[in-house]
Amino acid sequence: MTASTSSSLLGVYGVIVMDTNLNPSVILVGLCRKEIRAKSREINQVRASSLEIATMEPKREVVVIVGAGIAGLTTSLGLHRLGIRSLVLESSDGLRVTGFALSTWTNAWKALDAVGVGDILRRQHVRLYWNVTTSLITGNQTSITSFTAKGKHGGHEVRCVRRKLMLEALANELPSGTIRYSSKVVAIEESGFSKLVHLADGTTIQTKVLIGCDGVNSVVAKWLGFKKAAFTGRSAIRGFTELISSHGFEPWFMHFFGDGFRSGAIPCDEKTGYWFLTWTPTSKEEELEEDPTKMKQWVLQKLEKMPRNVRAVIEKTELDSIFSWPLKYRSPWELIRGNISKGNVCVAGDALHPMPPDLGQGGCCALEDGVVLARCLAEAFTKKVGDNEEEDEEKEQYRRIEAALKKYANERRWRCIDLITTSYIVGVIQEGGSKLINSLRDEILAPFLAGLLLIKSDFDCGKLHSS
Ligand SMILES: Cc1cc2nc3c(=O)[nH]c(=O)nc-3n(C[C@H](O)[C@H](O)[C@H](O)COP(=O)(O)OP(=O)(O)OC[C@H]3O[C@@H](n4cnc5c(N)ncnc54)[C@H](O)[C@@H]3O)c2cc1C
């Protein structure tokens, strides 16, 4: 309760002023005795409710996950499949869909299958069979890689999945009430063997486990001691086109490389296509990132030599379906030295490993995190705690949770370091920008760089059950 809401309750008659301890002091002006009595009753109600806020017990939860993005929902669903309830706190008032679509590689399908939503998404998206790269400098095709090749973990599978459908597929499988929207976490506090999570709306939640899946600007990562994600100096423009009739795209991942940019176009289904362009903006070009009309014109001008049917799809993109993003990453050193987990707190997804999108692995890696984290954490809850005193029991459970999160951190650390490092290097080479790098990329490295996309996706995070 604030001074302003209280004064509106009292209309023009008086003002309640709250001090920092939520003790209302009251000033009444210009009232007759009857009015004062009525107002006093209202004031007492206000005082009672403000004292209630001040003394309210925090809500208790076992597992709290911050963020209902890919990482948060996968972790929550994984835990749910293993019989463990969690509460997901999401700052937006609904599922927040940023970026339209994402290339979803073999490793991601294994994770989606592990939590039981792979087939829902397979039915909604076309399977891609080839990665075809073309130099827009020479006009030549520089590599063609089959997505049907077999890897160490079986056949490859690649699709471009609409983010909205991925988030919905995960969220729809959760018991109702699992996601609490409009719940922005603003502070974290130690409280014995628990953590107190403070929300912007004044609510406090006490939890035995706190998992930060709150993206690139994570408050949980900050609490764990991570620095802000670093800017690569590069940006991406992404667009999404929904047509009434077929776009006529082949089931290919089409990559185009120019002088200082990398671009791509991929079908999601028969009528929807996703496209992107990454580059290093000059200070003048930074301005165009604010204006979708200028961005579209600029992209079409850069992609002049692109096949006509792909350009036509970009031309048909509505302006509210074109956005620009600065590309960020976490230095691998931070993952080597930093705390992926500390006590009963850990991070997953972009909160842990923001990376450039050049391998298309950030979201796929977040799916892997979710499965591994759910599996490790479930072990801490399935093992029975001994018949000890309450405090010993709490301590024992805290110890198990801590060990489970450490296990998760150890399992993920080097996988994340590998993906961040490789995508950073691949991004720099693929974008080109000097004669030497352009010709190395187009004439020598093209098949190798395309092969890396498959090599890095040839990974199995395993099933939810460890045996
Ligand atoms: C240009 C670009 C292209 C990409 N392409 C691909 C691709 O092709 N394939 C791929 O796999 N990945 C891709 N990625 C990466 C992918 O988008 C991310 O890795 C993925 O979205 C991370 O998911 P997440 O759940 O960790 O974080 P997010 O998707 O960022 O979700 C975090 C959630 O937490 C919520 N939140 C944040 N702070 C708080 C708070 N304080 N309290 C409560 N809630 C909070 C947010 O509202 C959000 O819903 C791309 C990224 C970019 C920038």
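The values are calculated or read from the model by the stated rules, or taken from the named source; none is laboratory data. None of these values were measured; they are calculated from a predicted model. Positions of Cβ are generated from backbone atoms using ideal geometry, with glycine treated the same way; all protein chains shown enter the neighbour counts.
Within the stretch 242-261, being in contact with a Leu (Cβ under 7 Å, 6 or more places away or on another chain) and over 18 Å from H125 (Cβ atoms) holds for F256, F257, G258, F261.
The condition of being modelled with pLDDT under 95 and away from the ligand (no atom under 16 Å from the Cβ) holds for N388. Within the stretch 347-366, residues that are in contact (Cβ under 8 Å) with a residue 40 or more places away in the chain reach partners that are within 6 Å of the ligand (Cβ to nearest atom) and among the polar types (S, T, N, Q) with beta carbons closer than 7 Å, at six or more positions or on different chains, in the pairs M355/Q361; G360/S103.
Filter the stretch 419-448 down to residues that are over 17 Å from W279 (Cβ atoms) and in contact (Cβ under 8 Å) with a residue 12 or more places away in the chain, then give me how many there are. Total meeting the criteria: 8. Say whether the condition of being surrounded by 19 or more Cβ atoms within 10 Å (Cβ to Cβ), among the small types (G, A, S), within 16 Å of the ligand (Cβ to nearest atom) and farther than 30 Å from F448 by Cα is met by at least one residue in the stretch 158-170. Yes, that holds for at least one residue. For the stretch 66-85, the set of residues classified as of a type in the set (G, A, S) and either away from the ligand (no atom under 14 Å from the Cβ) or not assigned by TED's automatic domain parsing to the domain that holds A378 (or both) consists of G83 only.
Only one entry of N344, N339 meets the criterion of being more than 19 Å from V62 (Cβ to Cβ) and either touching a helix residue (DSSP H, G or I) at 6+ places or on another chain (Cβ under 7 Å) or among the basic types (K, R) (or both), and that entry is N339.
Of all residues in the stretch 309-346, exactly one satisfies the criterion of being free of Cβ contacts under 8 Å to residues at least 24 places away in the same chain and closer than 20 Å to I211 by Cα, namely R337. Quick check on the stretch 399-409. Is at least one of its residues among the aliphatic types (A, V, I, L, M) and either within 14 Å of the ligand (Cβ to nearest atom) or under 20 Å from the mean Cα position of the chain (by Cα) (or both)? Yes.
Within the stretch 330-343, is even one residue surrounded by fewer than 23 Cβ atoms within 10 Å (Cβ to Cβ), within 19 Å of the chain's Cα centre (by Cα), within 16 Å of the ligand (Cβ to nearest atom) and among the basic types (K, R)? No; the residues of the stretch 330-343 include none that is surrounded by fewer than 23 Cβ atoms within 10 Å (Cβ to Cβ), within 19 Å of the chain's Cα centre (by Cα), within 16 Å of the ligand (Cβ to nearest atom) and among the basic types (K, R). Screening the stretch 283-306 for residues that are farther than 15 Å from F323 by Cβ and among the aliphatic types (A, V, I, L, M) and picking the one that is surrounded by the most Cβ atoms within 10 Å (Cβ to Cβ) gives M306.
Of all residues in the stretch 211-234, at least one satisfies being assigned to a strand (DSSP E or B), in the same structural domain as E402 (by TED's automatic domain parsing) and under 26 Å from R399 (Cα atoms).
From the list D350, D358, D460, the one residue that fits, being within 30 Å of M254 (Cβ to Cβ), touching a strand residue (DSSP E or B) at 6+ places or on another chain (Cβ under 9 Å) and in a loop (DSSP other than H, G, I, E, B), is D460.
Selection over the stretch 86-104 of residues that are within 25 Å of G154 (Cβ to Cβ) and more than 7 Å from the ligand (Cβ to nearest atom) gives a count of 1. State yes or no: is S263 buried (at least 19 other Cβ atoms within 10 Å of the Cβ), touching a residue at least 40 places away in the same chain (Cβ under 8 Å), of a type in the set (S, T, Y) and touching an Asp or Glu at 6+ places or on another chain (Cβ under 9 Å)? In short, no. Among the candidates Y398, Y408, the residue that is touching a Ser or Thr at 6+ places or on another chain (Cβ under 7 Å), in a helix (DSSP H, G or I) and more than 19 Å from T133 (Cβ to Cβ) is uniquely Y408. Name every residue in the stretch 385-438 that is polar (S, T, N, Q), surrounded by 18 or more Cβ atoms within 10 Å (Cβ to Cβ) and either closer than 21 Å to G349 by Cβ or not assigned by TED's automatic domain parsing to the domain that holds M355 (or both), in order of residue number. Within the stretch 385-438, T422, S423 meet the criteria.
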